[in-house]
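No value in this document is a laboratory result; all are computed from the given coordinates. Not measured: the values here are computed from a predicted model. Here the Cβ positions follow ideal geometry from the backbone for every residue, glycine too, while neighbour counts run over all protein chains shown.
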Amino acid sequence: MKFEELTKIEKLVIIGLICAGLSLVFYTPIFAFLGIILGALAFKEGARTKGTVVILVSVIFGVIGLLLLALKIPLDAYSAFL
């Protein structure tokens, strides 16, 4: 199935999940926020379950991404002294 053949809701859900996944490693707050917004739009369009899943995944991955970032910064600082 081509991306162009998907419905508006399916596109919102897919792009929202991609943003949630990217929030684990790249620009965590920005991609997590985008995932939450896209999930809310899908929720508003009528996909209540899928929209809620995208919002929850974005929040959880955003928190994990921030924790990974918080762990990475001290490790980088420590390795500078080795």
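Apply the Karplus curve 6.51 cos²θ - 1.76 cosθ + 1.60, θ = phi - 60°, to the phi angles in the range 51-62 and return the couplings in whole Hz, x for Gly and Pro.
Values per residue, Gly and Pro as x: x, 5, 4, 4, 4, 5, 5, 5, 5, 5, 5, x Hz.
Among K2, K11, which comes first, then next, by fewest other beta-carbon atoms within 10 Å?
Working: K2 5, K11 14.
Arranged by neighbour count, lowest to highest, K2, K11 become K2, K11.
Calculate, in nm to one decimal, what K8 and V63 gain on full extension: separation in residues at 0.36 nm each, minus their alpha carbon distance. Provide the component values of the computation, followed by the final result.
On the way: separation 55, 0.36 × 55 = 19.80 nm, distance 2.76 nm.
Length gained between K8 and V63: 17.0 nm.
Assuming 1.002 mPa s and 20 °C, estimate D for the range 3-79 with Stokes-Einstein, Rh taken as the Kirkwood radius over Cα pairs, in µm²/s. Mind showing how you got there, number by number?
Values: Rh = 12.6 Å.
Here the translational diffusion coefficient equals 170 µm²/s.
If you take every residue apart from A47 with its C-beta less than 12 Å away from the C-beta of A47, what net charge results, scoring Lys and Arg +1 and Asp and Glu -1? Intermediate values should be presented prior to the final figure.
Details: positive: K8, K11, K44, R48, K50; negative: E10, E45.
Neighbour charge sum, excluding A47 itself: +3.
Among I9, I18, which comes first, second and so on when ranked by fewest other beta-carbon atoms within 10 Å?
On the way: I9 17, I18 14.
Neighbour counts put them in this order, fewest first: I18, I9.
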